[in-house]
Structures are given as structure tokens and as C-alpha cells.
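See below for the structure under consideration.
The values are calculated or read from the model by the stated rules, or taken from the named source; none is laboratory data. Treat the numbers as computed from the prediction; the structure is a model and nothing was measured. Don't worry about glycine lacking a Cβ; one is built from the backbone with ideal geometry, like all the others, and counts go over all protein chains shown.
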Amino acid sequence: MNHSYIEKILKGDRVAIARAISMVENEHPGSLTLLKSIYPNTGNAYRVGITGPPGAGKSTITNKLAKYYRSENKRVGIIAVDPTSPFTGGALLGDRVRMTDVELDEGVFIRSMASRGSLGGLSKKAKEAADVLDASGCDIILLETVGVGQSELDIARASDTTIVVLVPESGDSIQAMKAGLMEIADFFVLNKSDRAGAEQAVMSIKMVLNFKPKHDGWTPDVIQTTANEGRGIVEVANKISEHSAYLTNSKLLGHKRADRIIERIRELIGEQLRIEFWNEERNKILHQKIEDVIAFKETPFDVAEYLLKYYKK
């Protein structure tokens with residue numbers, strides 16, 4: 001990996017950053033070397049995950065938060081993870097078009113990425129792209145996810161602070177909402193709170209939270225916003241700062257980031273083992289035995305045990 005190219009990334013060169021993220025996203029042969037080279041320069045950016053159901057206004061909140069952080073002269077990275085197009089494999093919605101307040105700001109780097117089938121709405125590539133932005137000198141990285149409501153731990157593990165965005169219309173379903181979405185939030189944002197039912201929705205969220213205390217001692221709150229008008233954004237930024245201070249003072253931030261690295265290493269090993277295990281020979285055996293499984297002569301468990309037992313490296 002060219003040393004001068006790495007230096008450009010570390011100095012915040014936008015072209016070099018864009019190229020680096022493309023390398024990571026497309027699994028370019030040099031991407032692993034790149035990630036290894038920049039890793040010592042990561043760990044400075046504070047990562048905020050923003051998730052929630054479609055239509056809650058996550059992109060608008062992300063846009064307004066970025067504008068607020070720029071007013072404080074902070075460099076901001078935004079990774080907006082969209083559903084994957086079934087035709088092109090690329091990002092479907094292109095959140096870039098909704099970042100109108102900051103899209104031309106040199107202190108903001110925006111990248112739309114495809115979820116690539118990740119159930120949590122946050123692909124492994126998005127986490128690696130966050131490392132690139134971290135190394136490039138961003139102070140804040142906003143990870144906005146597709147919010148499909150599955151495997152929500154994905155976003156919580158990738159972020160220092162996790163925000164779940166809801167709208168007043170969510171109120172009726174909050175009681176029945178998946179436990180995962182309620183448990184990962186460090187705090188909630190009730191957006192579009194100028195609509196009818198906002199107060200009832202806040203009460204419903206708080207009622208659920210009373211029965212689900214967080215294990216780290218932090219008490220999640222509910223912030224009301226009308227993001228398209230900019231109302232409540234300062235309060236959201238203040239709550240992020242408050243949570244950051246809590247994690248730092250309680251020494252939980254270090255533990256959280258250590259857990260994130262452990263999870264990352266597990267993912268890397270799992271991926272490498274999968275690649276190495278499914279060689280041509282094992283794939284051939286799998287296809288040979290599939291007819292017996294369909295005919296109930298063997299079970300999937302038998303085939304898995306056979307492959308593991310007799311076809312070790």
C-alpha cells in the first residue's frame with residue numbers, strides 16, 4: 001500500500017477517502033492492507049448509530065445533527081446504509097439526496113452504502129468505512145441504518161451511542177414492539193412530534209422503559225423533535241454528549257469499544273473460516289448428498305457432521 005496514499009487519507013483528502021471506502025466496499029485485494037495501515041489512527045471519532053422504522057425521519061435528523069456539529073467546527077462523517085437493490089446490488093434510496101443542509105460542506109463526508117443483506121441493516125463494510133472516516137480525522141461519525149427491526153444488536157455493537165427514532169404513529173405498537181429495538185436505545189427520539197398523539201407516544205415509550213432498565217445503569221430518555229424544522233436537534237446533541245460523558249466517567253466506553261473489537265475479530269475469523277471451508281471438494285459433497293436429505297434418507301445435521309468430521313483441512 002502506497003505510503004503517500006495513506007498519508008492523504010490521514011490528512012482528510014476527500015478523493016483518497018472516497019477511493020478507500022470504495023476499495024473496502026468492493027473487497028479490493030488491497031483493502032485489507034489499507035485497513036491494517038490506518039487502524040492505529042482510529043479510535044478518536046465518536047460513533048452514533050441512528051436507527052428506527054422506515055419513514056421516521058432518520059435522514060433528516062442525521063442531516064440536522066451534522067449541521068449542528070459543523071456549527072461547533074467538528075468534522076462529520078455520515079454513513080447512510082440503505083436497502084440493497086436486488087438488481088444492481090447497490091444502495092437503493094441514496095440518502096445523499098436528503099442531506100441538503102450539509103452535502104456541499106467540505107467538513108462533512110457523506111457515503112451511501114448498501115446493506116448487502118445484513119439483517120441488522122448495517123453491513124460489515126459500513127463498519128470498515130467508519131474506520132476510514134475515523135482515521136481521516138472525523139470527530140463524529142453518524143451511522144444511519146435501514147431500520148428493518150431485525151438483529152438490532154448490529155447497530156448497537158458498532159456505535160458508542162445508539163438512538164432509536166420513532167414517530168407518534170408508532171405509539172399504538174410500542175407495547176408490542178420487538179424487545180430488541182427497545183433495549184438497544186441509549187435514548188429515543190420522537191420525531192414529527194407536532195403531530196397528534198405525540199404526548200401519548202412519549203408516555204407509552206416511558207412506560208415500556210420502566211419495565212426494561214438498561215444493564216449499564218444508564219436511564220434512556222425520550223427527546224421530542226420536529227426535525228424538518230430543526231426543533232429539538234440541540235437537545236438530541238446534548239443528550240449524545242451527556243451519554244458520552246456518562247460512558248467515559250463510568251469507564252464503560254473503554255469496555256464497550258473492547259467488546260466491539262472482540263465482536264469484530266469473531267466476525268473476521270468466521271468469515272475466513274467460511275471461505276476456507278467451502279472449497280470445491282466440500283461443495284461437491286454437499287450437492288451429492290442433498291438428494292438424500294430431500295428424500296429424508298439423511299438429515300442436514302448428518303451431512304454437516306460428515307463434512308466437519310471427515311473433511312478437515
* Asked: Which ones in the stretch 11-40 are of a type outside the set (Gly, Ala, Ser) and buried (at least 16 other Cβ atoms within 10 Å of the Cβ)?
  -> ILE17, ARG19, ILE21, MET23, VAL24, GLU25, LEU34, LEU35, ILE38
* In the list ILE240, ILE205, which residue meets the criterion of being in contact with a strand residue (DSSP E or B) (Cβ under 8 Å, 6 or more places away or on another chain) and more than 19 Å from SER159 (Cα to Cα)? -> ILE205
* To do: Please go through the stretch 90-103 and pick out each residue that is in a loop (DSSP other than H, G, I, E, B) and either modelled with pLDDT of 80 or more or within 9 Å of ALA80 (Cα to Cα) (or both).
  => GLY94
* Asked: In the stretch 2-20, which residues are under 19 Å from the mean Cα position of the chain (by Cα) and farther than 11 Å from ALA135 by Cβ?
  -> ALA18
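Would it be correct to say that ASN73 is farther than 22 Å from GLN224 by Cα, free of Cβ contacts under 8 Å to residues at least 40 places away in the same chain and assigned by TED's automatic domain parsing to the domain that holds ALA135? Full working, then the answer.
Working: farther than 22 Å from GLN224 by Cα: yes; free of Cβ contacts under 8 Å to residues at least 40 places away in the same chain: yes; assigned by TED's automatic domain parsing to the domain that holds ALA135: yes.
Spelling it out, ASN73 is indeed farther than 22 Å from GLN224 by Cα, free of Cβ contacts under 8 Å to residues at least 40 places away in the same chain and assigned by TED's automatic domain parsing to the domain that holds ALA135.
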* Asked: Looking at (1) over 30 Å from GLY49 (Cα atoms); (2) in contact with a helix residue (DSSP H, G or I) (Cβ under 9 Å, 6 or more places away or on another chain), which is the one condition that is false for GLU263?
  -> (1)
* Asked: So, in the stretch 203-260, of the ones that are within 17 Å of THR60 (Cα to Cα) and of a type in the set (Asp, Glu), which residue ends up surrounded by the fewest Cβ atoms within 10 Å (Cβ to Cβ)?
  -> GLU229
* Which residue, of GLY149, GLY137, is assigned by TED's automatic domain parsing to the domain that holds THR60, at pLDDT 85 or above, touching a Lys or Arg at 6+ places or on another chain (Cβ under 7 Å) and in a loop (DSSP other than H, G, I, E, B)? -> GLY137
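Among helices (runs of 4 or more DSSP H) lying entirely in the stretch 225-313, which contain 3 or more residues that are at pLDDT below 95 and not small (Gly, Ala, Ser)?
252-277, 280-294, 300-310
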